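Here the structure is laid out as structure tokens; the discussion comes afterwards.
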């Protein structure tokens, strides 16, 4: 297993990043966070996961161990392969995804291209217990987080789920839901 690579980013391609390590160029499919770390010609360290198939060896790269750990958990979900797991991890920070799993927020996963309702439900169902102890997120379904309340309010006002998440990302997380919605609407205007 190749768990970490340190080398120079020598090329960005449509199918990943080429990382030169000891004279060998490794093609690594990376998350956006890992791609931001890799400036051309500079040395970078990526946490990696080697996927072994009958016909290929594929490397996936992550900005940190938390991204890789979540990726590996996602691979244990029925019907989720490396490409889908990478799409999920690429969509949001690991802490946000863990919170969505703990709160049964399947809409968060359905908003990711290539993820349908059934896959989103399986991700939440199969990972909820595994990740609940590590996430620190509320486990009770009836107690929605202030973030979810604000996001759902923006969706009700006509925002797409993705746009609502973007709008709330720029707002202080310590504010009550009503104030979050007000600030998000002001910034959009």
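None of the figures in this text is laboratory data; all of them are computed from the coordinates on show. Being a predicted model, the structure only gives us computed values, none of them experimental. Every residue, glycine among them, receives a Cβ derived from its backbone with ideal geometry; neighbour counts consider all protein chains shown.
Tabulated results
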| quantity | calculated |
| --- | --- |
| Residue match in segment 39-56 (condition: surrounded by 18 or more Cβ atoms within 10 Å (Cβ to Cβ) and over 26 Å from residue 122 (Cβ atoms)) | yes |
| Within segment 65-110, helices (runs of 4 or more DSSP H) holding 1 or more residues that are touching a strand residue (DSSP E or B) at 6+ places or on another chain (Cβ under 7 Å) and more than 20 Å from residue 165 (Cα to Cα) | 65-75, 82-91 |
| Looking only at segment 27-36, and only at residues there that are touching a strand residue (DSSP E or B) at 6+ places or on another chain (Cβ under 8 Å) and surrounded by fewer than 19 Cβ atoms within 10 Å (Cβ to Cβ), the one that is nearest to residue 91 (Cα to Cα) | 33 |
| Hits in segment 74-94 - residues which are under 18 Å from residue 105 (Cβ atoms) and within 13 Å of the chain's Cα centre (by Cα) | 74, 84, 85, 87, 88, 89, 90, 91, 92, 93, 94 |
| Hits in segment 21-64 (condition: part of a strand (DSSP E or B), more than 17 Å from residue 75 (Cα to Cα) and touching a helix residue (DSSP H, G or I) at 6+ places or on another chain (Cβ under 7 Å)) | 44, 46 |
